[in-house]
Amino acid sequence: MNKWIGISLGGILGLSHIGMIGMIANRPSKMPTLNLPVGEYTSYKAKVSMDGYEIDYKANDPKTVLIDREVKEKGGFLGLGNNTERLLKEVPVTPIPYRNVPAEYTDQTTATRSEACIESIGAGKGTGRMVGASVGAAVAPSLTPIPFVGWVLAGAATMIGMDQGAEIGGQMTEDLSPKC
C-alpha cells in the first residue's frame, strides 16, 4: 500500500513540474528587446530592467590603436643573417584600413614588387634548390651505413639541403638584383 502512495505522489509531483515548465516556457517575455549595432571598434554598456534600458554607446572606441610590428632587415655576412627591429606607433583608428598608418607599418612588400623581381627570386630559388640538393647528396653517403634508418636520414639530408638552398638562393637574388 505504501508503495502505491509513493508512486502516485511522485507521479503527481512530476506531472506538475512538467506543466509548470511548459507554462513558463510559453509565457511571453516582458523584458524589452535590445538591438545594438556592433562593429569592429564599438563598445557599449547596457543596463536592462523591467522598466526599460539605459545604453552608453561609443561608435569609434578606442580612438587610437597601438601598432606593434617586427621588421626584418638583412644583415651579417653576404646579407644572410636577419636583424629584427620592433616598431611601436600609436595611430588613430579610421574606417578605411591603413589610411593614417605610415608605410613602414603596413605589409605592402608583395604589392610593390615588379614581375621581373618575382621572376628573378623564383630563378634564384630554383638554382639554390639545385645547389642545396647536391650538398645534401654529398652528405648522404655518410648517413647511409646507419642501420635501419640510414636511408631515411640520407633522404632527409637531401631534402633539408634543397629547402635551405632555395631559401638562401631566393634571398641572395632579392638582395643582389637591381630589379627588386
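The values are calculated or read from the model by the stated rules, or taken from the named source; none is laboratory data. Values in this document were obtained by computation on a predicted structure and should not be read as measured data. Here the Cβ is made from the backbone with ideal geometry for all residues, glycine too, and neighbour counts use every protein chain on show.
Every listed requirement among (1) in a helix (DSSP H, G or I); (2) exposed (fewer than 15 other Cβ atoms within 10 Å of the Cβ) is met by Ile146 save one, (1). The residue list Lys3, Lys89, Lys47, Lys72 contains one member that is modelled with pLDDT under 80 and basic (Lys, Arg), which is Lys72.
Quick check: is even one residue across segment 119-133 more than 24 Å from Cys180 (Cα to Cα) and of a type outside the set (Ser, Thr, Tyr)?
Yes, segment 119-133 contains at least one residue that is more than 24 Å from Cys180 (Cα to Cα) and of a type outside the set (Ser, Thr, Tyr).
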